[in-house]
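Asker: I am attaching a structure below and will ask some questions about it afterwards.
The values are calculated or read from the model by the stated rules, or taken from the named source; none is laboratory data. Quick caveat, the model's predicted, so the values are computed rather than measured. Every residue, glycine as well, gets a Cβ built from its backbone with ideal geometry; the counts of neighbours run over all protein chains shown. Please note that ligands, DNA and RNA were not included when accessible areas were found on the heavy atoms of the full protein model with its side chains. Shrake-Rupley method; radii C 1.70, N 1.55, O 1.52, S 1.80 Å.
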Amino acid sequence: YSIGGGQCVDWAAHMRPDLVARGVTGNANYWDDSARAAGVLVNNSPSAGAIFQTDSGWVGHVGYVESVNPDGSIVVTEMNYGYTPYRVVRSTIPASAVGNFNYIH
């Protein structure tokens, strides 16, 4: 994929342009705050199509929730995970770690 600057927020914006249109922008660590300010639901319950978000790290991180598995784990896609711009990876976040993230619906 060739999306914007190859950062995690570029992938999230590509997957959820509706959020960007509502003003959800900036570094990943601001996405939950700007979503709340725009009246977008932010909680700790993942659902397919939501953006997962964390403030951890220098500028936080966001990605796209592809699906929620019956065991509570989630399948996500994300760009620039591990500091590799423009590379989209698919991974599974175990159920035990799902609660470490905010979910922007």
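Asker: Being within 15 Å of A12 (Cβ to Cβ), surrounded by 13 or more Cβ atoms within 10 Å (Cβ to Cβ) and at pLDDT below 95: is that true of Y103 here? Give the derivation first.
Answerer: Details: within 15 Å of A12 (Cβ to Cβ): yes; surrounded by 13 or more Cβ atoms within 10 Å (Cβ to Cβ): yes; at pLDDT below 95: no.
Against the criterion (within 15 Å of A12 (Cβ to Cβ), surrounded by 13 or more Cβ atoms within 10 Å (Cβ to Cβ) and at pLDDT below 95), Y103 does not qualify.
Asker: Now, a different point. Go through S34, S45 for me and flag whichever is among the hydroxyl-bearing types (S, T, Y) and not in a helix (DSSP H, G or I).
Answerer: Criteria check complete, one pass: S45.
Asker: With the requirement that a residue be open to solvent by 10 Å² or more (accessible area, probe 1.4 Å), more than 15 Å from D18 (Cα to Cα) and part of a strand (DSSP E or B), what does segment 52-65 give you? Spell out how you get there, then give the answer.
Answerer: First, the residues of segment 52-65 that are open to solvent by 10 Å² or more (accessible area, probe 1.4 Å): 54-61, 64.
With the extra rule that they be more than 15 Å from D18 (Cα to Cα), the set shrinks to 54-61.
Within segment 52-65, T54, H61 qualify.
Asker: Still on this model: Within segment 20-27, can one find any residue that is touching a residue at least 40 places away in the same chain (Cβ under 8 Å) and in contact with a Ser or Thr (Cβ under 8 Å, 6 or more places away or on another chain)?
Answerer: Initial filter on segment 20-27 (touching a residue at least 40 places away in the same chain (Cβ under 8 Å)): 24.
Cutting the leftovers down to in contact with a Ser or Thr (Cβ under 8 Å, 6 or more places away or on another chain) gives us 24.
Within segment 20-27, one or more residues are touching a residue at least 40 places away in the same chain (Cβ under 8 Å) and in contact with a Ser or Thr (Cβ under 8 Å, 6 or more places away or on another chain).
Asker: To continue, here is another question. Please tell me if G49 is touching a strand residue (DSSP E or B) at 6+ places or on another chain (Cβ under 9 Å), open to solvent by 10 Å² or more (accessible area, probe 1.4 Å) and under 11 Å from I104 (Cβ atoms). Show your work before the answer.
Answerer: Values: touching a strand residue (DSSP E or B) at 6+ places or on another chain (Cβ under 9 Å): yes; open to solvent by 10 Å² or more (accessible area, probe 1.4 Å): yes; under 11 Å from I104 (Cβ atoms): yes.
In short, yes.
Asker: Scan segment 70-95 for residues that are surrounded by 13 or more Cβ atoms within 10 Å (Cβ to Cβ), part of a loop (DSSP other than H, G, I, E, B) and not basic (K, R) and jot them down.
Answerer: Residues satisfying the conditions are G72, S73, N80, Y81, P85, Y86.
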